[in-house]
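Down below is the structure, laid out as structure tokens.
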């Protein structure tokens, strides 16, 4: 559930950042939107990779409701 919520929020924030990149002419605001988009990408990678890493390191069957 947490992974799903995080993914939905991440996609919404990424869409907002993409809109800002496309519509803003000020260079500082455009760079801020690019940084936001990069942060979203890193966050989504962490959200999706962390259960795989923890499951393999600990040898558990389920981590945070996610099964392998």
Value of relative contact order over the range 2-63, rounded to a whole percent, pairs C-alpha under 8 Å and six or more apart: 34 percent
Rounded tilt (10° steps) of 27-58 against the dominant C-alpha axis of the chain: 0 degrees
Length gained when the stretch residue 57-residue 26 is fully extended (0.36 nm per residue, less Cα-Cα span): 6.6 nm
Principal-axis tilt of helix 2-23 within the chain, Cα atoms, nearest 10 degrees: 20 degrees
Value in Å of the Kirkwood radius, where the chain supplies the Cα pairs that are averaged: 13.4 Å
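Read-outs: derived from the displayed coordinates by stated rules, not from any lab. As the structure is a prediction and not an experimental result, all values here were calculated from the model.
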